[in-house]
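K.L.:
Starting off with a structure, shown below.
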Number of protein chains: 2
Amino acid sequence: MSENRPAVVLLSGGLDSATVLAIARDRGFRPYALSFDYGQRHRFELQAARNVAAAGGVEQHVVIPLDLRVFGGSALTDDIDVPKDRGEAEMEEGIPVTYVPARNTIFLAVALGWAETLGATDLFIGVNAVDYSGYPDCRPEFIKAFSELANLATQVGVEATGQFEIHSPLIAMTKAEIISTGKSLGVDYGLTHSCYDPDLQGRSCGRCDSCRLRLKGFVEAGTEDPASYQ
Amino acid sequence: MSENRPAVVLLSGGLDSATVLAIARDRGFRPYALSFDYGQRHRFELQAARNVAAAGGVEQHVVIPLDLRVFGGSALTDDIDVPKDRGEAEMEEGIPVTYVPARNTIFLAVALGWAETLGATDLFIGVNAVDYSGYPDCRPEFIKAFSELANLATQVGVEATGQFEIHSPLIAMTKAEIISTGKSLGVDYGLTHSCYDPDLQGRSCGRCDSCRLRLKGFVEAGTEDPASYQ
């Protein structure tokens with residue numbers, strides 16, 4: 001058990017990070033949730049993050065404006081079309097256009113800053129190497145390298161009073177396993193948002209990679225997806 | 001030589017980063033300057049960054065708003081008093097209260113995102129392990145760990161089409177050596193701002209650690225500091 005220590009949890013408002021928040025709490029941490037307003041097209045995610053944080057009993061939820069659109073380079077922040085109706089083989093080919101440059105590095109770096117201020121040495125992130133094998137910053141070796149960096153970058157690390165741990169509890173889970181875990185911990189997936197291309201009412205498209213992985217996960221977990229689709 | 005490759009240069013508007021920009025250009029890179037509006041008390045730094053970028057012939061200068069005040073924890077963003085009139089021995093004792101949690105990790109992470117979008121694999125940062133030995137994220141081992149992380153975090157790293165290099169040309173220089181180098185490359189130090197606690201006209205206090213190190217550096221370099229003091 002974590003003896004009620006504080007932990008910073010990266011919370012996007014998606015299915016994965018909502019599950020991670022529940023896991024952090026289940027492990028006995030006091031969660032501080034961190035979200036980013038980075039100019040994402042799917043802004044319903046941020047409202048979902050607020051709803052998930054409120055339902056998840058966090059100590060504090062901070063949304064940091066960090067506009068990465070100035071860099072361009074991704075369908076999530078640009079005008080490039082979000083790919084639709086792709087099969088699994090296609091999804092697994094190389095790095096998807098929905099990749100945001102250095103996103104997890106940036107998010108973990110800011111989380112580290114907050115953790116240091118809180119006196120926390122635990123960060124939680126919902127990366128997953130099974131369904132998102134195309135993203136370089138979702139791999140175990142990236143998480144390990146960031147832990148090592150964190151211990152060199154901080155007062156705690158230098159004074160050797162603690163060791164940072166980057167928890168990525170979903171990294172080896174399938175989407176179905178994530179959903180089953182979350183359900184067992186009481187996560188309300190109706191509050192979460194996964195779609196890369198929702199309509200104006202926030203309803204999911206059901207056809208982008210993220211929707212397809214989510215829907216398949218619910219089917220395989222043998223349960224209904226409570227999200228609303230177009 | 002760098003064959004006119006693009007490089008992202010972290011530019012605070014201080015003496016060190018102005019020198020780094022000149023070094024990057026001297027090494028043949030096309031510099032893209034990146035500054036942060038992170039709620040720093042000494043906001044004259046940002047205007048200095050704009051002036052230095054304009055004088056330094058950058059390809060582009062981007063100022064990213066990233067408000068770290070929400071985390072607190074430093075005299076540079078808080079209401080804690082900036083220490084004044086400290087001797088060198090005192091300055092060297094432990095981590096100063098002007099330390100901003102995980103600042104260089106955050107800045108390098110965002111620089112990495114821009115670099116990836118630009119197709120650049122070179123980042124420049126003005127960290128210095130001689131005069132700022134108290135900052136954990138100014139040490140060579142931190143820079144090395146970040147390089148390793150960058151190669152694991154990015155498309156370039158995964159596809160092994162390139163290797164990121166974090167250039168920290170000042171890391172082993174004294175302040176006097178930095179100033180002499182910059183002077184030889186034509187840096188106008190009158191455009192730079194170092195003070196942690198300037199007055200309303202932007203004039204430097206001459207008494208905070210940053211001013212004292214700067215003034216001592218100019219004395220040792222045998223040249224006049226063109227900054228205006230209160």
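To keep it simple, each residue is scored yes or no on (1) over 30 Å from B:His61 (Cβ atoms); (2) part of a strand (DSSP E or B).
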position	(1), (2)
A:Ala7	yes, yes
A:Ser35	no, yes
A:Val58	yes, no
A:Val63	no, yes
A:Arg69	no, no
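K.L.:
I'm told B:Cys211 meets every condition in (1) in contact with a helix residue (DSSP H, G or I) (Cβ under 8 Å, 6 or more places away or on another chain); (2) closer than 19 Å to B:Pro83 by Cα; (3) crowded, with 22+ Cβ neighbours inside 10 Å except one. Can you identify the failing condition by its number?
P.N.:
In the conditions (1) in contact with a helix residue (DSSP H, G or I) (Cβ under 8 Å, 6 or more places away or on another chain); (2) closer than 19 Å to B:Pro83 by Cα; (3) crowded, with 22+ Cβ neighbours inside 10 Å, B:Cys211 misses (1) alone.
K.L.:
Okay, moving on. Being out of contact with any Leu (no Cβ under 8 Å at 6 or more places or on another chain) and at pLDDT below 90 is the requirement here; does B:Glu59 meet it?
P.N.:
no
K.L.:
Out of the residues in region B:26-63 that are over 27 Å from A:Arg69 (Cβ atoms) and basic (Lys, Arg), state the one that is surrounded by the fewest Cβ atoms within 10 Å (Cβ to Cβ).
P.N.:
B:Arg27
K.L.:
Now for a different question. Evaluate region B:75-98: report whether one residue or more is within 18 Å of the chain's Cα centre (by Cα) and either modelled with pLDDT of 85 or more or farther than 19 Å from A:Leu118 by Cβ (or both).
P.N.:
Yes; the residues of region B:75-98 include at least one that is within 18 Å of the chain's Cα centre (by Cα) and either modelled with pLDDT of 85 or more or farther than 19 Å from A:Leu118 by Cβ (or both).
K.L.:
Same structure, new question: Report yes if A:Tyr196 is touching a strand residue (DSSP E or B) at 6+ places or on another chain (Cβ under 7 Å), aromatic (Phe, Trp, Tyr) and surrounded by fewer than 23 Cβ atoms within 10 Å (Cβ to Cβ), otherwise no.
P.N.:
Numbers: touching a strand residue (DSSP E or B) at 6+ places or on another chain (Cβ under 7 Å): yes; aromatic (Phe, Trp, Tyr): yes; surrounded by fewer than 23 Cβ atoms within 10 Å (Cβ to Cβ): yes.
Taking the combined requirement at face value, the residue satisfies it.
K.L.:
Just checking: which of the helices (runs of 4 or more DSSP H) contained wholly in region A:129-230 hold 2 or more residues that are at pLDDT below 90, away from chain B (no Cβ under 14 Å) and out of contact with any His (no Cβ under 8 Å at 6 or more places or on another chain)?
P.N.:
Details: elements: A:140-153, A:155-159, A:175-184, A:209-221.
Those helices (runs of 4 or more DSSP H) span A:209-221.
The values are calculated or read from the model by the stated rules, or taken from the named source; none is laboratory data. Please read all numbers here as calculations on a predicted model, not as lab measurements. Note: ideal-geometry Cβ built from the backbone for every residue, glycine included; neighbour counts use all protein chains shown.
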